[in-house]
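Participant: This is the structure I have questions about; it appears just below.
The values are calculated or read from the model by the stated rules, or taken from the named source; none is laboratory data. Keep in mind the model is a prediction, meaning the values are calculated, not measured. Here the Cβ is made from the backbone with ideal geometry for all residues, glycine too, and neighbour counts use every protein chain on show.
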């Protein structure tokens with residue numbers, strides 16, 4: 001149980017709400033943050049509806065895990081039903097901070113903290129407004145995000161675009177995404193010059209779902225049969241069979257390897273270190289950790305315009321500008337141009353500097369501490385006076 005010290009920034013305590021330790025970027029950030037705070041000797045716990053998951057092995061043994069009672073079933077409905085249990089846990093354990101790992105749990109966390117001294121922290125993990133959407137549904141989504149930000153004590157965003165959208169909705173801070181690890185730096189520094197006679201090594205990393213749009217990338221690569229390339233797809237999901245069938249229909253199945261989900265961060269870094277180019281064809285993203293990870297490992301990147309947040313990163317790293325989502329022709333042209341003219345490593349290294357994990361995680365902890373009111377000094381009467 002936390003020893004709650006309102007007004008004591010040095011004794012900061014935090015509970016991190018994560019629905020399940022899954023295979024997404026928000027799951028990894030939540031676990032990295034918990035591990036980082038534990039290594040600093042701070043009181044931190046992971047509160048989860050489900051404690052099983054493909055990234056559970058990444059949780060440091062020093063991080064206590066508490067289970068939030070969950071009725072199961074549909075994830076969104078399950079989160080709504082968890083409110084009484086989570087609110088009770090906040091009042092029982094009284095952490096200084098309750099941090100939400102991502103979009104779907106931001107409202108749950110904010111409501112659970114209302115009427116308590118625990119500060120709620122929301123994190124924007126996917127676009128507030130999906131790219132290209134300007135309809136009533138997009139407007140309603142934006143208004144919902146604004147409302148959640150107003151009742152949260154702090155909202156963390158990953159790009160200037162998101163900060164501008166929430167500028168008048170509570171306290172909003174832009175913080176770098178904790179991404180670049182020492183393992184990635186090591187992989188980048190140990191990269192060997194490319195063998196001009198070897199096939200180009202291409203890589204896609206992510207769940208095999210509609211959002212990641214691997215299908216458009218396969219269609220783009222089918223247009224580049226005149227190039228000698230090989231593609232590794234690291235990830236798993238419901239579309240694996242249909243993607244394999246698409247590769248066969250496009251006559252590129254012999255160039256494509258499905259590895260399944262890669263749970264080991266070092267193995268994933270090695271795959272990125274061997275890649276000449278990462279393909280990121282997503283339909284929408286928040287910032288896209290995989291893109292930054294690949295750059296950190298020395299690979300170039302071709303990405304779709306899945307979020308305005310990636311544009312500054314790509315520009316700083318000297319990468320090809322993002323191409324329209326779902327456009328296999330534009331994606332094919334960008335792949336061919338990037339393979340012919342990769343960016344200098346000096347630009348790549350400069351672009352990832354702010355996303356080093358330890359530095360970025362320290363910024364999260366500092367933002368938490370800023371929410372804790374400083375002790376008010378009281379003036380004691382002098383014993384010389386009656």
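Participant: If we only count helices (runs of 4 or more DSSP H) wholly inside segment 256-357, which ones have 2 or more residues that are on the phi < 0 side of the Ramachandran plot, buried (at least 24 other Cβ atoms within 10 Å of the Cβ) and modelled with pLDDT of 95 or more?
Facilitator: It comes to 289-296, 328-340.
Participant: Let me ask something else about it. Could you look through segment 118-161, keep only residues that are assigned to a helix (DSSP H, G or I) and within 21 Å of residue 366 (Cβ to Cβ), and pick out the one that is farthest from the chain's Cα centre (by Cα)?
Facilitator: 149
Let's see how each residue does on (1) in contact (Cβ under 8 Å) with a residue 12 or more places away in the chain; (2) under 21 Å from residue 361 (Cβ atoms); (3) over 18 Å from the mean Cα position of the chain (by Cα):
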site	(1), (2), (3)
2	yes, yes, yes
23	yes, yes, no
39	yes, yes, yes
55	yes, yes, no
62	yes, yes, yes
76	yes, no, yes
114	yes, no, yes
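Residues are listed down the side, and each one gets a yes or a no for (1) more than 24 Å from residue 329 (Cα to Cα); (2) touching a helix residue (DSSP H, G or I) at 6+ places or on another chain (Cβ under 6 Å); (3) touching a residue at least 24 places away in the same chain (Cβ under 8 Å):
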{"position": "226", "(1), (2), (3)": "no, no, no"}
{"position": "240", "(1), (2), (3)": "no, no, yes"}
{"position": "246", "(1), (2), (3)": "no, yes, yes"}
{"position": "249", "(1), (2), (3)": "no, no, no"}
{"position": "275", "(1), (2), (3)": "no, no, yes"}
{"position": "280", "(1), (2), (3)": "no, yes, yes"}
{"position": "288", "(1), (2), (3)": "no, yes, yes"}
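Participant: So, one more: Residues of segment 183-197 being surrounded by fewer than 17 Cβ atoms within 10 Å (Cβ to Cβ) and touching a strand residue (DSSP E or B) at 6+ places or on another chain (Cβ under 9 Å), which ones?
Facilitator: Correct list: 194 only.
Participant: Taking the conditions exactly as written (in contact with a strand residue (DSSP E or B) (Cβ under 9 Å, 6 or more places away or on another chain), at pLDDT below 95 and assigned to a loop (DSSP other than H, G, I, E, B)), does residue 379 satisfy them or not?
Facilitator: no
Participant: Looking at (1) part of a loop (DSSP other than H, G, I, E, B); (2) under 27 Å from residue 194 (Cα atoms); (3) under 19 Å from the mean Cα position of the chain (by Cα), which is the one condition that is false for residue 226?
Facilitator: With respect to (1) part of a loop (DSSP other than H, G, I, E, B); (2) under 27 Å from residue 194 (Cα atoms); (3) under 19 Å from the mean Cα position of the chain (by Cα), residue 226 is out only on (3).
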